[in-house]
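Read through the structure below, which is laid out as structure tokens, and then see the notes.
Rule-based calculations on the coordinates, nothing more; no lab input. Note that the structure is a prediction, hence the values are computed from the model and not measured. All Cβ positions, even for glycine, are placed from backbone atoms using ideal geometry, and neighbour counts span all protein chains on display.
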Amino acid sequence: MADVSAVLAANREAVSDLIAASDRCSACWTAPRAPGKWSPSQIVEHVARSIEESANMMAGAPTKFVTLPFFVRPLARTLLFKRVLRTGGFPKAKTNKAMNPASGPATTSEARTRLEGALARFDRELRARAQSSDSVTSSAFGTVPLTDYARFIEIHTRHHTRQMPAVV
């Protein structure tokens, strides 16, 4: 349980950093940082959805994550999941339609509430899952260790925090 507590603490820190970055973006909250890119509001919504769907996965509930054929999952696990864990960064990629938000929270205050709520549920579901198993089955990666999956979510959050506009 110590490893679970550590990865959840790292996720809390990553979400706190995203909230802090969001707070600095209130003047440009709904403006995309460049043509074809997401606004800070959309970035927050994407991260919140990812955390919520990860909580669903921990609970064994259906998720909106892409479902890859079982024989492709080892390849996705090696080329994306393990690479992200090894390098600490995400490659350039597109997300699936369900994770691609048209809009997000209307204010930075709503963003804080949205992210904290999603993280609280992820925390509960991961701790509950850890009581009975040390792994989880992803529809994209197959069966992976719980702590590795939580680390993947932390890296994902940090990836999107770096996409928030720098406010001078």
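Points to keep in mind about this one:
- Residues of segment 118-156 that are without any contact (Cβ under 8 Å) to a residue 60 or more places away in the chain and within 15 Å of the chain's Cα centre (by Cα): 120 alone.
- Looking only at residues in segment 65-80 that are in a loop (DSSP other than H, G, I, E, B) and out of contact with any strand residue (DSSP E or B) (no Cβ under 8 Å at 6 or more places or on another chain), the one that is nearest to residue 52 (Cα to Cα) is 66.
- Those residues of segment 42-80 which are more than 26 Å from residue 103 (Cβ to Cβ), surrounded by fewer than 19 Cβ atoms within 10 Å (Cβ to Cβ) and aliphatic (A, V, I, L, M), in sequence order: 59, 68, 72, 75, 76, 79, 80
- Scope segment 19-41; condition among the small types (Gly, Ala, Ser) and either assigned to a loop (DSSP other than H, G, I, E, B) or surrounded by 15 or more Cβ atoms within 10 Å (Cβ to Cβ) (or both); matching residues: 21, 22, 31, 34, 36, 39, 41
- Residues in segment 105-117 that are of a type in the set (D, E, K, R) and free of Cβ contacts under 8 Å to residues at least 12 places away in the same chain: 1 in all.
- Figure legend. Inter-residue proximity from segment 62-74: first residues within 15 Å of residue 136 (Cα to Cα) and touching a residue at least 12 places away in the same chain (Cβ under 8 Å), second residues surrounded by 12 or more Cβ atoms within 10 Å (Cβ to Cβ) and of a type in the set (Ser, Thr, Tyr), beta-carbon distance below 8 Å, spacing 6+ or different chains. Indicated pairs: 63/54; 63/139; 65/138; 65/139; 67/139; 73/138.
- Taking segment 81-96 as the range and being in a helix (DSSP H, G or I) and either under 15 Å from the mean Cα position of the chain (by Cα) or within 14 Å of residue 54 (Cβ to Cβ) (or both) as the test, the residues that pass are 81, 84, 85.
- Lone unmet requirement of (1) under 19 Å from residue 148 (Cα atoms); (2) in contact with a helix residue (DSSP H, G or I) (Cβ under 9 Å, 6 or more places away or on another chain); (3) of a type in the set (Gly, Ala, Ser) for residue 111: (1)
Yes or no, residue by residue, for (1) surrounded by fewer than 13 Cβ atoms within 10 Å (Cβ to Cβ); (2) of a type in the set (A, V, I, L, M); (3) more than 20 Å from residue 63 (Cβ to Cβ):
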| site | (1), (2), (3) |
| --- | --- |
| 93 | yes, yes, no |
| 106 | yes, yes, yes |
| 112 | no, no, yes |
| 119 | no, yes, no |
| 123 | no, no, no |
| 131 | yes, no, yes |
